[in-house]
Amino acid sequence: MKPWKMKWEDMDCKQILQVVNVAFYGGFLVLMLALLLLYVSEEISVLLAVLAVLGGVSCFGGVLLAYTRLRCPFCGASLMLGGRIPTHIPNFCPECGKPL
Ligand SMILES: [Zn+2]
């Protein structure tokens with residue numbers, strides 16, 4: 001199956017975390033780079049502004065995705081670490097103790 005044809009329902013939490021990480025850190029990087037270039041450039045560049053917005057949206061989407069989809073498939077407990085995106089999925093659910 002091609003990755004872009006996968007449904008969220010078919011993905012396990014490790015795959016969702018990968019998507020979250022790419023969206024969040026990729027978006028964050030684009031946002032920061034665009035803001036930096038906007039800061040040093042003399043005039044406002046529409047392209048950079050659009051890039052900054054896209055980066056921000058991607059970053060925000062990553063967090064949103066983590067909140068909504070990064071959950072234990074058994075009990076639905078959130079796998080976020082105190083509101084932060086986890087660096088890895090724990091081997092066992094912190095709520096129900098089932099292997100993830
Ligand atoms: Zn659980």
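The values are calculated or read from the model by the stated rules, or taken from the named source; none is laboratory data. Bear in mind the structure is a predicted one, so any value in this text is a computation, not a measurement. In this analysis, Cβ positions are derived from the backbone assuming ideal geometry, glycine residues included, and neighbour counts consider all displayed protein chains. Ligands, DNA and RNA are stripped out before the accessible areas are found, and what is left, the full protein with its side chains, is counted by its heavy atoms. Shrake-Rupley method; radii C 1.70, N 1.55, O 1.52, S 1.80 Å.
Results for (1) open to solvent by less than 70 Å² (accessible area, probe 1.4 Å); (2) touching a strand residue (DSSP E or B) at 6+ places or on another chain (Cβ under 7 Å); (3) at pLDDT below 90, shown as yes or no for each residue.
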site	(1), (2), (3)
M1	no, no, yes
W8	no, no, yes
M11	yes, no, yes
Q15	yes, no, no
F24	yes, no, no
L35	no, no, no
E43	no, no, yes
V50	no, no, no
C59	yes, no, no
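For region 83-100, the set of residues classified as in contact with a Lys or Arg (Cβ under 9 Å, 6 or more places away or on another chain) and open to solvent by less than 70 Å² (accessible area, probe 1.4 Å) consists of I89, L100, listed by residue number.
The conditions of being in contact with a Cys (Cβ under 7 Å, 6 or more places away or on another chain) and over 30 Å from C72 (Cα atoms) are met by L31. Filtering region 68-82 to residues that are of a type outside the set (V, I, T) and open to solvent by 40 Å² or more (accessible area, probe 1.4 Å) leaves R69, R71, P73, F74, C75, S78, L81, G82. Of all residues in region 62-95, those that are touching a residue at least 40 places away in the same chain (Cβ under 8 Å), more than 16 Å from the ligand (Cβ to nearest atom) and either part of a loop (DSSP other than H, G, I, E, B) or of a type in the set (D, E) (or both) total 2.
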